[in-house]
Amino acid sequence: MAEAYPADNELLNIQSDTETGVEYIPTGTAPYYLQFRKLLYRLLLATRRANDLRVHDEGGLDIGVKAGKFWLGTELISYEGSSGNTLADDKQDIYIYLNSSGTLVTNEYSSFPDMAVTPHIRLAQARTSGGDIELITDCRAGHNIMLPYGAGGLKKTIEAHTGDDALAAAESDSVHSNLGATATITLTLPASAPVGTVFSFAVQATQELRIDPGTATIRDDSGQTADKYKSANAIGASLTLVADSAGDWATVAKNGTWTEEA
């Protein structure tokens with residue numbers, strides 16, 4: 001069912017919209033063109049941000065993307081806008097997005113990436129056929145608006161383990177401890193994790209906490225051997241690891257004494 005308008009008499013008596021500041025043109029106003037320009041001016045002010053990062057059809061298989069900004073953590077990333085981005089022809093679905101470095105991606109055809117694994121800004125979904133763009137669906141939505149972590153927005157997830165566990169890449173940027181454990185705990189890192197996947201570990205019980213890289217290597221000053229876990233058992237010890245391009249784990253922060261499996 002179509003959305004209904006207010007009654008005619010009510011519409012004729014509306015002077016302005018409180019939320020946007022847009023003023024209605026009074027009946028009989030002259031010169032009308034000046035009032036129309038004022039109305040248009042206010043409308044454009046009220047809708048300007050709606051144009052940020054908007055994907056539009058440029059004819060044929062080309063799309064343009066309007067300029068805009070987005071937050072990545074506490075870093076504000078600017079996208080300067082672009083034109084002449086040619087889409088592949090005869091595609092039922094093309095998922096268009098900006099990756100975490102602000103680079104436009106137009107060659108994703110199955111779905112948008114998993115946000116937990118590949119942080120991105122969703123822009124649009126397109127369909128092409130016969131050398132033309134048939135449809136562009138706007139995918140900018142509330143998920144693009146968030147408070148940066150440092151400003152009190154998204155917080156890290158912390159999980160206390162009292163038994164062995166295998167971590168998933170989708171849990172990236174989380175913290176894991178052995179709080180409440182009464183025996184040795186082994187946490188296994190995900191195999192073939194995407195570059196940049198990050199985990200932090202904290203010893204919060206006087207039990208050994210082991211971080212197992214599987215067949216990969218955890219690189220730090222205690223050793224560089226593949227398929228060897230790192231361990232600590234003193235409360236306060238902590239370790240932060242990031243998946244690198246070689247398929248291993250780089251140590252980017254460490255507190256206390258961590259040793260490599262003998």
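The residues of the range 235-259 that are part of a loop (DSSP other than H, G, I, E, B) and either touching a Ser or Thr at 6+ places or on another chain (Cβ under 7 Å) or surrounded by fewer than 16 Cβ atoms within 10 Å (Cβ to Cβ) (or both), listed by number, are 235, 236, 237, 245, 246, 247, 248, 256, 257, 258. Scanning the range 76-116 for residues that are in contact (Cβ under 8 Å) with a residue 40 or more places away in the chain, surrounded by 17 or more Cβ atoms within 10 Å (Cβ to Cβ) and either in the same structural domain as residue 198 (by TED's automatic domain parsing) or not in a strand (DSSP E or B) (or both) yields a single hit, 87. Summed over the range 74-99, residues that are among the polar types (S, T, N, Q) and farther than 15 Å from residue 58 by Cβ total 4. Checking each residue in the range 231-253 for being in contact with a strand residue (DSSP E or B) (Cβ under 8 Å, 6 or more places away or on another chain) and farther than 20 Å from residue 195 by Cβ picks out 231, 232, 233, 236, 237, 238.
For the residues 193, 246, the requirement of being without any contact (Cβ under 8 Å) to a residue 12 or more places away in the chain, outside the structural domain of residue 115 (by TED's automatic domain parsing) and small (Gly, Ala, Ser) singles out 246. Of all residue pairs spaced 6 or more apart or on separate chains, those with beta-carbon atoms under 7 Å, a first member in the range 131-142 that is in the same structural domain as residue 70 (by TED's automatic domain parsing) and a second member that is crowded, with 17+ Cβ neighbours inside 10 Å and of a type in the set (Ser, Thr, Tyr) are 134/128.
Okay, residues lined up against (1) surrounded by 12 or more Cβ atoms within 10 Å (Cβ to Cβ); (2) part of a loop (DSSP other than H, G, I, E, B); (3) without any contact (Cβ under 8 Å) to a residue 24 or more places away in the chain:
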{"residue": "20", "(1), (2), (3)": "yes, yes, no"}
{"residue": "27", "(1), (2), (3)": "no, yes, yes"}
{"residue": "33", "(1), (2), (3)": "no, no, yes"}
{"residue": "36", "(1), (2), (3)": "yes, no, yes"}
{"residue": "41", "(1), (2), (3)": "yes, no, yes"}
{"residue": "45", "(1), (2), (3)": "yes, no, no"}
{"residue": "49", "(1), (2), (3)": "no, no, yes"}
{"residue": "53", "(1), (2), (3)": "yes, yes, no"}
{"residue": "56", "(1), (2), (3)": "yes, no, no"}
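The values are calculated or read from the model by the stated rules, or taken from the named source; none is laboratory data. None of the values given here were measured: they were computed from a predicted structure. As a convention, Cβ positions derive from the backbone with ideal geometry for all residues, glycine included, and neighbour counts pool all protein chains shown.
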